[in-house]
1. Considering only segment 303-337, state which residues are touching a strand residue (DSSP E or B) at 6+ places or on another chain (Cβ under 9 Å) and not assigned by TED's automatic domain parsing to the domain that holds MET428.
2. Can you tell me which residue within segment 296-331, out of those that are of a type outside the set (Phe, Trp, Tyr) and touching a Leu at 6+ places or on another chain (Cβ under 6 Å), is surrounded by the fewest Cβ atoms within 10 Å (Cβ to Cβ)?
3. From the list ALA101, ALA107, pick out the single residue that is in contact with a Ser or Thr (Cβ under 6 Å, 6 or more places away or on another chain) and crowded, with 21+ Cβ neighbours inside 10 Å.
4. Take the residues in segment 349-372 that are small (Gly, Ala, Ser) and not in a helix (DSSP H, G or I), then tell me which one is farthest from the chain's Cα centre (by Cα).
5. Could you list all residues from segment 186-210 that are surrounded by 15 or more Cβ atoms within 10 Å (Cβ to Cβ) and modelled with pLDDT of 80 or more?
6. Can you tell me which residue among GLU191, GLU171, GLU114, GLU160 is over 18 Å from LEU18 (Cα atoms) and either under 25 Å from the mean Cα position of the chain (by Cα) or among the basic types (Lys, Arg) (or both)?
7. Give, as residue ranges, the helices (runs of 4 or more DSSP H) completely inside segment 32-101 that count at least 1 residues that are at pLDDT 95 or above and under 19 Å from GLN115 (Cβ atoms).
Amino acid sequence: MTRLILLDQALRLHDNPLLWQGADAKSNQQRQPSVAVVCLDTDAFFGQQYGLARASLLRLQQHWRLIADTKRRLADFNIGLVTLFGQPASELTALASAVNASHIVTATPTGYREQQTIDALSKRYQVATLDINSLFSITTLTPELNSFPDSFSAFRKQHEPLLKVAPSLAEYQPQPGQRWLTPAETSAYCENFNQLAAFSQPSNPPGSNEQQALQRLDDYIWQQQAIRHYKNSRNDLQGDYYASKFSAALATGCLSVRYCWQQILQYEQQYQANDSTYWLKFELLWREFFRWQFRKYRNAWFSKNAIKGEPDFSPPSLTETEQNHFKNWCTATTGVPFIDANMRLLNTTGLMSNRGRQNVASYLIHDLGIDWRLGAAYFEQRLLDYDVASNWGNWAYIAGNGNSSERQFNVIKQALSYDTNGDFVRAMLPELSAAGSLIHRPASHVKLPEHWQSWLSKLTDKIT
């Protein structure tokens with residue numbers, strides 16, 4: 001039987017059980033070929049939601065280059081990668097017909113769009129899914145969705161004590177009994193993808209392909225041992241080693257979360273286990289929690305009320321004033337320096353610190369009164385580490401429609417706490433010249449929330 005091996009969520013050669021499918025060392029029979037395939041979803045990268053483009057050019061470039069890099073690496077093993085461009089269900093159906101495939105093997109989906117694709121394909125083909133991007137894969141601890149807790153604390157208490165993450169697989173090597181369509185054999189099926197070549201320039205952010213991701217992990221954990229201070233540095237706003245910066249590679253599937261987890265454990269065994277090494281695993285547990293929450297509630301996460309209250313999928317509706325506020329937030333021109341500095345960083349690099357994300361989200365939702373889904377959609381467009389579950393789950397979390405009560409941050413207090421002398425704001429907004437923490441004073445046209453007042457009085461031109 002010919003099978004399609006769909007690599008959309010697993011563009012890597014290390015710890016990739018999808019690539020080992022069909023290997024049989026005991027068999028001497030010539031098998032039907034497996035076909036490696038990836039489909040760039042046109043709706044996800046060229047569509048719109050709430051009037052916003054779903055993906056920036058920077059994010060599209062990153063994904064295109066990741067696919068192209070994976071294609072080159074597979075070719076080293078004489079494996080062709082069929083690269084499709086369009087609606088995944090229809091494109092895969094056409095390919096299956098062309099190569100006479102009856103089976104499809106893919107990563108277990110997390111997002112609702114991917115779930116719909118698998119549901120549609122399952123009506124015509126035998127579809128097998130492997131949860132290769134989960135800490136719970138290949139274990140007896142796979143959660144039951146119906147009883148999966150809606151509280152992270154309950155989830156952690158229930159699963160963390162028993163969590164034994166399976167060892168990661170080695171980098172793929174050709175296996176006995178395995179046959180793949182070659183690059184020459186797959187070239188005819190890739191024609192509609194070649195039009196994207198123009199988008200391949202010039203973006204190549206750190207960690208944007210598998211080799212760079214593995215190098216970053218080695219550098220962060222083993223060479224710099226920056227993991228030792230992660231808990232203390234993770235609230236910083238910029239720098240090379242304040243955070244792991246594994247998120248983009250995990251989100252695109254070019255870094256295995258199991259491999260990442262096992263490297264942390266190995267570091268703890270060889271050097272030390274401290275609050276920081278635990279905290280990085282703690283963040284990976286948050287990622288895991290949101291993935292299972294999305295599988296449990298599916299498209300409810302895109303309702304205005306998310307998983308609380310009655311479903312409301314009507315699009316956000318803004319007054320003219322709110323439209324202006326939202327535009328200013330997107331373009332980093334709100335007049336609130338701490339907000340604008342973080343948004344300019346996002347717009348120019350596709351990245352933002354965790355502390356920055358919480359503050360700009362809180363400001364949009366609670367201080368400007370804008371529908372949280374617009375912020376989530378804008379982050380989807382811009383973030384190079386966009387992950388549907390983490391992004392929409394965290395936005396709903398701040399709004400109070402997800403897995404917690406609402407979280408409101410005092411932007412001025414946060415600025416004084418995490419950018420005391422305004423160094424980050426000056427780096428991102430060089431047009432501002434005020435000394436010391438006075439750099440954080442909002443522009444004169446900004447309406448100042450009452451809860452900022454006492455903290456505005458603490459701004460000073462003195463360097464602390």
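1. PRO315
2. If we take residues in segment 296-331 being of a type outside the set (Phe, Trp, Tyr) and touching a Leu at 6+ places or on another chain (Cβ under 6 Å), then PRO316 is surrounded by the fewest Cβ atoms within 10 Å (Cβ to Cβ).
3. ALA101
4. If we take residues in segment 349-372 being small (Gly, Ala, Ser) and not in a helix (DSSP H, G or I), then GLY369 is farthest from the chain's Cα centre (by Cα).
5. THR186, TYR189, CYS190, ASN209, GLU210
6. GLU160
7. Qualifying helices (runs of 4 or more DSSP H): 42-46, 88-99.
Listed here are the residues, each with its yes/no results for (1) in the same structural domain as LEU19 (by TED's automatic domain parsing); (2) among the β-branched types (Val, Ile, Thr); (3) farther than 30 Å from GLN212 by Cα.
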residue	(1), (2), (3)
ILE79	yes, yes, no
LEU84	yes, no, no
ALA94	yes, no, yes
THR106	yes, yes, no
THR110	yes, yes, no
SER122	yes, no, yes
VAL127	yes, yes, yes
GLU144	no, no, yes
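The values are calculated or read from the model by the stated rules, or taken from the named source; none is laboratory data. On a predicted model such as this, the values are computed, not experimentally measured, just so you know. No Cβ is skipped: glycine too gets one built from the backbone with ideal geometry, and neighbour counts run over all protein chains shown.
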